[in-house]
1. Counting just the residues of the stretch 251-268 that are in a loop (DSSP other than H, G, I, E, B) and in contact with a Gly (Cβ under 7 Å, 6 or more places away or on another chain), which one comes out modelled with the highest pLDDT?
2. Filter the stretch 215-243 down to residues that are at pLDDT 95 or above and basic (Lys, Arg), then give me how many there are.
3. What's the number of the condition Thr148 fails, among (1) part of a helix (DSSP H, G or I); (2) open to solvent by 10 Å² or more (accessible area, probe 1.4 Å)?
4. Can you pull out every residue in the stretch 116-137 that is open to solvent by less than 30 Å² (accessible area, probe 1.4 Å), under 30 Å from Ile256 (Cα atoms) and assigned to a helix (DSSP H, G or I)?
5. Could you please give the count of residues in the stretch 158-188 that are open to solvent by 10 Å² or more (accessible area, probe 1.4 Å) and under 14 Å from Ala200 (Cβ atoms)?
6. Residues in the stretch 188-204 that are assigned to a helix (DSSP H, G or I) and closer than 11 Å to Gly175 by Cβ: how many?
7. Does Ala215 count as aliphatic (A, V, I, L, M), crowded, with 24+ Cβ neighbours inside 10 Å and touching a residue at least 24 places away in the same chain (Cβ under 8 Å)?
Amino acid sequence: MRRRQFLSMLGGAATAPMTTSFPVHAQLGSRVIGLLHQGSAEPVVNRNAFRKGLSQGGVDSQTVTIEELAANFLPAALAAKAATQTIPIVFLSGSDPIKSGLVTSINRPTGNVTGIAPMFTLLGTKNLELLHDFVPAVRTTGALANLTNPNAEHQLRDLQQAADILRQHLVVLPGSNEREIDSSFAEMAKRQVGALVITADGYLISRQDQIVALAARYRIPTMYPLSQYVAGGGLMSYGANLRDAFRQTGIYVGRILQGMKPSDLPVLQPTKVEFVINLKTAKVLGIEVPPKLLALADEVIE
């Protein structure tokens, strides 16, 4: 008999920075974890880190199978929560889990939902400040956002407040599909956008290669929410370590499979934030990185 026991979900931010999830079934003694994510799972999902976390949570990662599903319209965590009030849900959400409606309390989550909240969507102000320090002469900055994500509004509001303080003009550029992303980059030249912030969103992360390639083609200095963009040729990033967040998600999944309830596990908020710079990309763009930013960087890719 096939019985759903568990749903761990990675989801939600940015917008929700990423979107991914895991249903766990018990079938003939085996455990199957359904991975629910927004858009393509690549390059969002770090399966090795998740499996390492499972082992640290007390579950042999070789005894489980991961099946992948897509949440095309909602951030994955919200889609999972809407689908069930009984199956345990472990989310990985870059948005504020209270504002997005995932939980009502960080320390004491109730019901069937808990998870990891790197809060990527709350870092927009710092993203814009660092980008301004990188290219101080720029007066018009773009913000690429998946406007179909219900969390986009919060992040764009924070970016607008930061732009007002820096006396910058912020141009919101839509990116809910491949064609829209292409059009938004073409529009930047017309709007005289001199720098760009990529908001944290599961779908945008899944379009990493496209976005990095377009930023290079249009020679636009770009700030990203995750270091994996920078490893792939992006200019710089500021945000939590996604690999470690997947590991922590795996730990929570393992603990629940070992018998704990989601309400026993407070929502974790990773404290370490990484600032990563790609010097090779800066050189191609003809930008000399300010010494103070090099000193601040946690990692410099040469």
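The values are calculated or read from the model by the stated rules, or taken from the named source; none is laboratory data. What you are looking at is a predicted structure, and each value in this text was computed from that prediction instead of being measured. Neighbour counts are summed over all protein chains in view; Cβ atoms, including those assigned to glycine, are modelled from backbone coordinates with ideal geometry. When the accessible area is computed, the model is the full protein with side chains, heavy atoms only, and any ligands, DNA or RNA have been set aside. Shrake-Rupley method; radii C 1.70, N 1.55, O 1.52, S 1.80 Å.
1. Filtering the stretch 251-268 for residues that are in a loop (DSSP other than H, G, I, E, B) and in contact with a Gly (Cβ under 7 Å, 6 or more places away or on another chain), the one modelled with the highest pLDDT comes out as Val267.
2. Number satisfying all stated conditions: 2.
3. Checking Thr148 against (1) part of a helix (DSSP H, G or I); (2) open to solvent by 10 Å² or more (accessible area, probe 1.4 Å), the one that fails is (1).
4. Of everything in the stretch 116-137, those that are open to solvent by less than 30 Å² (accessible area, probe 1.4 Å), under 30 Å from Ile256 (Cα atoms) and assigned to a helix (DSSP H, G or I) turn out to be Phe120, Thr121.
5. So the count comes out to 1.
6. In the first step, residues of the stretch 188-204 are kept if they are assigned to a helix (DSSP H, G or I); the result is 188-190, 202-204.
If we keep only those that are closer than 11 Å to Gly175 by Cβ as well, we get 203-204.
So the count comes out to 2.
7. Here the answer is yes, as Ala215 does meet what is asked.
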